[in-house]
Amino acid sequence: MGDINVYSGPMKCGKTQHILNEYKRQLIAGKKVKMFKPTIDTRYAGNVVVSRNGIDIPAISISKISDLEKYDADVYCIDEFQFLKGNVKVIEQMAESGKKFFIAGLNLTAEKKPFGKMPDLLCIADNVNMLNAICDNCKCENAVYTYFKGGKNTEIVIGDREYMALCRHCYDSLTRQDSINRNKVQA
């Protein structure tokens, strides 16, 4: 029997590093491992997953969860899962047939709303690791939210220059200030 292992949390909490580590671990164990990323993620050199500390691994770009079925592997590592479309039942069925998954993805948008298929994935996962980052504002170790620096964001922007990892207090303070600033502009 396979299993589904998920690393989730805000930006900058180490999700990608965890799946890169597992990728290498599974290779050492003699498993056939494949790395995947969503087609929408065009950062870096295209078909590669890169951690913040510069480790990179070649990846296959896919747009739908069902694309995974086209590739034969013992272990599937997936980065930025929140951008994939489709039904997570595909992953559940593959795990039931003995496939192993290590998946990284943001659980919430910058507006604190469930992100893509992540809620569905978290419900079927065997193991969920909710990670925290260092708050980019106050430097505490409890950043659980991703904040868009430009205020309310109506469109997904991929990358981290436009975003901050924030603790609950800093997120609430900055979003309150954004609201005040928007009301001043509208007045």
Residue by residue through region 49-59, note down the ones that are assigned to a strand (DSSP E or B), surrounded by 15 or more Cβ atoms within 10 Å (Cβ to Cβ) and either in contact with a Pro (Cβ under 8 Å, 6 or more places away or on another chain) or modelled with pLDDT of 75 or more (or both). 49, 57
I'd like to verify a number: residues in region 13-40 that are more than 20 Å from residue 119 (Cα to Cα) and assigned to a loop (DSSP other than H, G, I, E, B), how many? 5
Determine whether region 107-127 contains at least one residue that is in the same structural domain as residue 8 (by TED's automatic domain parsing), over 29 Å from residue 181 (Cβ atoms) and touching a Ser or Thr at 6+ places or on another chain (Cβ under 6 Å). no
Can we say residue 120 is modelled with pLDDT under 95, among the charged types (D, E, K, R) and within 30 Å of residue 27 (Cα to Cα)? no
Within region 74-122, which residues are assigned to a loop (DSSP other than H, G, I, E, B), without any contact (Cβ under 8 Å) to a residue 40 or more places away in the chain and buried (at least 18 other Cβ atoms within 10 Å of the Cβ)? 88, 115, 116
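Conditions tested, residue by residue: (1) modelled with pLDDT under 70; (2) in the same structural domain as residue 106 (by TED's automatic domain parsing); (3) over 19 Å from residue 42 (Cβ atoms).
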position: 150; (1), (2), (3): no, no, yes
position: 154; (1), (2), (3): yes, no, yes
position: 157; (1), (2), (3): yes, no, no
position: 163; (1), (2), (3): no, no, no
position: 168; (1), (2), (3): no, no, yes
position: 172; (1), (2), (3): no, no, yes
position: 178; (1), (2), (3): no, no, yes
position: 181; (1), (2), (3): no, no, yes
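The values are calculated or read from the model by the stated rules, or taken from the named source; none is laboratory data. Not measured: the values here are computed from a predicted model. Neighbour counts are summed over all protein chains in view; Cβ atoms, including those assigned to glycine, are modelled from backbone coordinates with ideal geometry.
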